[in-house]
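One structure is given here, and the rest of the page talks about it.
What follows is calculated from the coordinates using simple rules that are stated; it is not laboratory data. Treat the numbers as computed from the prediction; the structure is a model and nothing was measured. Counting neighbours? That spans all protein chains shown, and the Cβs are built from the backbone with ideal geometry, glycine included.
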Amino acid sequence: MRMNTFGKSLAIMSLLMVMTISVVSAASVGEKRDSVRKMSNETLHTLYNLQPNSRASIEGAAGYAVFSISDVKFAFLGGGAGHGLAVNNTTKEEVFMKTSEAEVGFGLGIKKYKVILVFGTDKAFADFGKEGWQIGGQATAAATDSVNGDSMQGAVSVAPDVWMYQMTDKGLEASLTMRGIRYYKDSGLN
């Protein structure tokens, strides 16, 4: 009986993911880019309302990236995917990105969240834009850039010169655990 329920649930989740992919695939490249830009702008607007000092941090940084990520967790396995946009603040160059995630651990559910990465140096941004990036383990809940004081309040330091804000539909998330998330260029949109 348990395997039957497990099989049905897995089949339903797979069908939903395939339907989502086919709907997204139907749009033209230009429409997909516009959709990602719109998501990025709306996410930044929401962040600025939740954390007003974040605007100065992001605008003064070397660059930033905004992602929308959906993940599904069933029993002991989980995974997710998303899309995003990285922007060099100096050149205004855009790099369209994707994410993929794998997770092992007990849980059940579907979660959608947004991630904003802020790059304090040109090197940190260039490394991200060229090579992609992976986050593993756990990030701490307090961060400071030691220059702008509280402007990074609400963000967590995830690497040297890189801070991350994570938001759910309930607002800015205070704690953050990221496991096995990969960020990489979207070859179909660049």
Report the residues of the stretch 47-82 in range of a label on residue 89: point 7 Å along Cα→C-beta, backbone N strictly under 11 Å from it.
-> 54-65
What is the order of 34, 122, fewest Cβ neighbours within 10 Å to most?
-> 34, 122
Gain in length, residue 108 to residue 168, computed as 0.36 nm per residue apart minus the alpha-carbon separation, to one decimal in nm?
-> 19.9 nm
